[in-house]
Structure formats: C-alpha cells, structure tokens
Amino acid sequence: MGDEELKYPKWQAPVQDLILEFDREKLSEKVRRVESLISDRLQQLGQEGNGGGELQAIDDALRTLRIIKRDTLDRPHRTETDRD
C-alpha cells in the first residue's frame, strides 16, 4: 500500500516501514520514531477535539507496536550459533 492509499500517511507510512524492518537495531529506532509520531498526533487530536476514525487506526497501530516489541525486541537475540 503506497502513501497515496493511506488515510493518515504521516504516521501510517512509518508504521508500515517498521513492520517490514528485520534489523533489530533499526527496528528499535523505528519503534521509538513511530511512538513519537503517534504521541504527537494524539496531542494534536486532543487539541482539535475530533478524530474518531483516526483514533481507531492509532489504537490498531499501537497494538501492532506492542506485538512487535513483545515478540521481537523483548526476546533475546538469537544468532546462527545459538540455533546449532
């Protein structure tokens, strides 16, 4: 899905990029960036007093972030020698 197909591309595009990242170090950096973007957007929505559909999309993105953090970043890194 390209940016033109995203309803909220400012934060959804980085979420998509994060989902496709396999390098643990880069993934950690991208998680922090996405969390910051979403936090900033939530503050804006709070000031604007709207954003029902976007709030649901943000909730979904945050759920995805929690899963990635739990399943990828919170687990010890395994190397090829660990698998032997």
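Read-outs throughout are calculated quantities, based only on the coordinates presented, and are distinct from any laboratory measurement. What you see is a predicted model, and the numbers here were worked out from it, not measured in a lab. Every residue, glycine among them, receives a Cβ derived from its backbone with ideal geometry; neighbour counts consider all protein chains shown.
With the structure loaded, tell me whether Val34 is touching a residue at least 40 places away in the same chain (Cβ under 8 Å), of a type outside the set (Lys, Arg) and surrounded by 15 or more Cβ atoms within 10 Å (Cβ to Cβ) or whether it fails that test.
Working: touching a residue at least 40 places away in the same chain (Cβ under 8 Å): no; of a type outside the set (Lys, Arg): yes; surrounded by 15 or more Cβ atoms within 10 Å (Cβ to Cβ): yes.
For Val34, the condition - touching a residue at least 40 places away in the same chain (Cβ under 8 Å), of a type outside the set (Lys, Arg) and surrounded by 15 or more Cβ atoms within 10 Å (Cβ to Cβ) - is not met.
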Look through Leu42, Leu18 and report the one residue that is in contact with a Lys or Arg (Cβ under 6 Å, 6 or more places away or on another chain) and not β-branched (Val, Ile, Thr).
Leu18
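Output the number of residues of segment 56-77 satisfying the condition of being among the aliphatic types (A, V, I, L, M), touching a residue at least 12 places away in the same chain (Cβ under 8 Å) and surrounded by fewer than 14 Cβ atoms within 10 Å (Cβ to Cβ). Walk me through it before giving the result.
The first filter runs over segment 56-77 and keeps only residues among the aliphatic types (A, V, I, L, M), leaving 57-58, 61-62, 65, 67-68, 73.
Next, only the ones that are touching a residue at least 12 places away in the same chain (Cβ under 8 Å) stay: 57-58, 61-62, 65, 68, 73.
Next, only the ones that are surrounded by fewer than 14 Cβ atoms within 10 Å (Cβ to Cβ) stay: 73.
Summing the residues that are among the aliphatic types (A, V, I, L, M), touching a residue at least 12 places away in the same chain (Cβ under 8 Å) and surrounded by fewer than 14 Cβ atoms within 10 Å (Cβ to Cβ) in segment 56-77 gives 1.
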